Amino acid sequence: MNEKNSAKAGELSGKEAAPGDEADAVNAAEEAADRAEARTDTTSADQADKEADEAGPNSGGSEPTQDQADPADQADPADQADPAARADKTLVAMPPVSRQDSAQPTADAVSEPDEGQADAATSGSEAAREPRDDGAASSTPPSDEQPEQREEQPGEEGRQQPEADAPKSPEAPAKPDPVSAPAPVRGPDANPESAPDPDPQPAPGPDPAKKPPAPSWAARRESDSERTSEFVALKPDLPRPTSPRPVTPTPGPSSSGEKPGAGSGDSDRTREFTAPSRADNDRTMALTRPPAPSAAAPSASSGTGDAAGPPPPLDLLAQLTNTPPKAETVGRTVARRIKIWGTLVALLAVVLVAVQALRPLPTPTLKLTGKASHSADGGALSLPWPTEGQAVVDIDGLGRMGSYGEMKPLPIGSVAKVMTTYLILRDHPLKAGDKGPSIPVDQKAEDDYTNGVTEKESVVEVKAGQQISELEALQAVMLPSANNVARLLARWDASTEEAFIKKMNDTAKELGMTNTTYTDASGLIESTVSTAEDQVKLAKRAMTNPVFRQIAKLPSYQSTTTSGGSTLETARTQYNFNKLVPLNGVVGIKTGSTTKAGGNLVFAAETTVGDSKQLIIGAVFGQHKTPIIGTATAASKSLILAADKALRSETVVKKGEVVGQVDDGLGGMVPVVAAKDLTVPVWSGASVAIKLTDDGKALPHSANAGTEVGMLTVGSGAGEAKVPVTLKDDLSEPSFGAKLTRLG
């Protein structure tokens, strides 16, 4: 091998070829070396260049980059001085990269080989290149698969990267062939979005009639001072890292004479850059981006979803989650708040409507819209009042006809027994016709009888050990006014007379008897005082008890404890001291007299007025004309007769008159009318109150006209007069709108 061909072979061994294309370049170099050895040493350099170019423009040979300088140019002076020694170097080619390897992308930036690697390449440790199996000529088109750029990993020195094709002309850069061009080498700042057109037009092939010019790297040599390269990044963005695939280094030739191509030394680990087009005088190299691979070649995923293929799932997730929000504006803020608050307001409105619609309806009520009272015609009524003491006349439930005298406390005598009888019946009630429990007569009751006869008291004969019924004991107290039996009942009820007296005073306060004081159960003690007005209050309450009323109107009763003697105290028949019973409708109540108190009488008389029965209740106290009890009785009779004469019936409300309305509680009103005439007993100058009540019945939420819904009432108790009221119009349930707008 001559020196020139040896130098040519050294240049080929100092760089790596791309898969497919590199094999063609190696084969072409070996054939040229074999033919050169057969020729004479006088063969010119033009013949060597011609043989090297027979591989064709598509043979895969590429102009060495400045980082991958010619081995002859990067050799030591000793190597340049000994070209014969370099001619003995054996060329070994790297095995071609498989299709599977070419489809895997690399992301690390391509680095320049250091000067030590260049020196190693020229010192005899060149990488062995393996010849192609098919022995194809250098002009055979390479595979359409793109070479893969491999990343040099730490501890994996000696791995090789394919070189890019060299331009065809020193003046104009060659257009890369989409089929035979190597895969683009992306530097650290490569931007996948700035890739060229993925389907570039292929460069026209060489003209077979015209001899292609020799590559600039074959005809020109650079000096040491020109071996300076500058890396110019095309775009500052960083590539997305991918998992590097380790490349198994090919072992270099051993000293025992291994075949060329069996392996390569550590000194041949160089990296590949795409050689830019440059002029002969351009010594600055820039990393260029080749056109995108053809559709037929498998493309590496760029991770951005461009034409190279869909991004990996993790990159796609990053794109979706890292999308920046839209710029905040006043309009968007207002719209968002309207949506939020509008939804809340709508939800609140739905809840409010449901609550209002499902709430229970208020209970309808009756309201009086007519007159609340009625005043009878005529002036003030004049009654036959006594000339001394006190007097009061009331119509039970209608009001007071009149009164006489100053209502100051006076001794009342046996009138106090009205409270004693009232309390026994209240705490030990009896039914009509029953006699009640038996009360044992104690020695105190017998002694009180003996002492009472001596003192001219009102007493009834009893003996210790006898049994007396409750009914008979009450009759003895009310009719013959037996003081000893009244004290017996007090002890039976409260154990002691003092305890019973306390009950009497407490009850007086409850009834509003403000001028009354009780000191004993019989009233014999002069400290027991009251007024005619207070005793009328008590008489009205006592007359509501039917048993009390039945006892008060008895003229007499038959005693079971008396001996049947001829005296008043021992007679079997005991008479009522109220001589008005049963004349003139008198039904009671009780007499009382003492020297200090004079004659006293609380009376009650029934009278019929129109269709109703009225009760006249009154009292005459402090009559000292003798006979004192007769004087009180006469005065009482005169008042009863005058009151009966003064009472008359009068219509206060006519049938069909609107007296009120039904309020449904939500603003609905329906008038009500009197079902018939309301007639009440009145007297001259009297004023009576009118009330509208539901009569204890719940009002309906809806009803037809004419339905009875309440009562129109005048008075109370025995003097009460009332008529029903009915709906004038239909009563309907409140509307849905009324239910929604109610506040209460």
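The values are calculated or read from the model by the stated rules, or taken from the named source; none is laboratory data. In this text, all values refer to a predicted model and were calculated from it rather than measured experimentally. Note: ideal-geometry Cβ built from the backbone for every residue, glycine included; neighbour counts use all protein chains shown. Each accessible area value is taken on the protein alone, full model and side chains, heavy atoms only, with ligands, DNA and RNA left out. Shrake-Rupley method; radii C 1.70, N 1.55, O 1.52, S 1.80 Å.
If you take the Cα Rg of region 491-592 and divide it by 2.2 N^0.38 Å, with N the number of residues, what do you get?
Here the Cα radius of gyration is 1.23 times the empirical estimate.
Dipole size in debye (nearest 20) for region 675-744 around its Cα centre, Lys and Arg Cβ +1, Asp and Glu Cβ -1? List each step's numbers first, then the result.
Working: 7 positive and 8 negative charges, 35 e Å.
So the magnitude is around 160 debye.
Pull out a ≥ b ≥ c, the square roots of the eigenvalues of the alpha-carbon gyration tensor of region 346-481, then state rounded if a/c is under 1.5, prolate if not and a/b is larger than b/c, and oblate in the remaining case. Each step should come with its number before you reach the end.
Details: a/c = 4.30, a/b = 1.71, b/c = 2.51.
It comes out oblate by the Cα gyration axes.
About its Cα centre, how strong a charge dipole does region 566-692 have in debye, to the nearest 20, once Lys and Arg get +1 and Asp and Glu get -1 at the Cβ? Before the final figure, lay out the partial values.
Working: 13 positive and 9 negative charges, 130 e Å.
Its charge dipole is roughly 620 debye.
Summing charges over all other residues whose Cβ lies under 10 Å from the Cβ of Thr607, with Lys and Arg as +1 and Asp and Glu as -1, gives 0. Treating each Cα of region 521-572 as an identical point scatterer and ignoring solvent, apply the Debye formula and state log10 I(q)/I(0) at q = 0.26, 0.27, 0.30 Å⁻¹. Ignoring solvent entirely, the Cα scatterers give -0.97, -0.99, -1.04.
Taking Lys and Arg as +1 and Asp and Glu as -1, the other residues whose beta-carbon sits under 15 Å from that of Ala376 total +2.
Explain nothing, just the number: dipole magnitude of region 323-403 about its Cα centre with +1 on each Lys and Arg Cβ and -1 on each Asp and Glu Cβ, in debye rounded to the nearest 20. Please report the intermediate quantities before stating the final value.
Working: 9 positive and 5 negative charges, 281 e Å.
That gives region 323-403 a dipole magnitude of about 1360 debye.
Fully extending the segment from Thr517 to Gln558, taken as 0.36 nm per residue of separation minus the present Cα-Cα distance, adds 11.5 nm.
With Cβ to Cβ distances under 14 Å as the rule, what net charge do the other residues near Gln467 carry (K, R +1; D, E -1)? Please list the in-between numbers first.
Numbers: positive: Lys435, Lys463; negative: Asp442, Glu446, Glu470, Glu472.
It works out to a net charge of -2.
Around the amide H of Gln614, modelled in the peptide plane, lie the amide H atoms of Thr607, Thr608, Val609, all under 5 Å away and 5 or more residues distant in sequence or on another chain. Along the axis of the charge dipole computed for region 599-744 (Cβ charges of +1 for Lys and Arg, -1 for Asp and Glu, origin at the Cα centre), the listed residues Gly668, Val653, Leu615 are led at the positive end by Leu615.
Show me 587-596, 343-352, 360-369 ranked by packing, highest mean number of other Cβ atoms within 10 Å first.
Going by the mean number of other Cβ atoms within 10 Å, highest first, we get 587-596, 360-369, 343-352.
Surface calculation, 1.4 Å probe, protein heavy atoms: Ser684 sits at approximately 30 Å² accessible. Peptides 311-322, 483-494, 707-718, 665-676 ranked from most to least packed give 483-494, 707-718, 665-676, 311-322, packing being the mean of other C-beta atoms within 10 angstrom over each peptide's residues.
Counting only protein heavy atoms and a 1.4 Å probe, region 348-471 has 51 square angstrom of accessible area per residue. Largest first, the three principal axis extents of the alpha carbons in region 538-654 are 62, 33, 23 Å in whole numbers.
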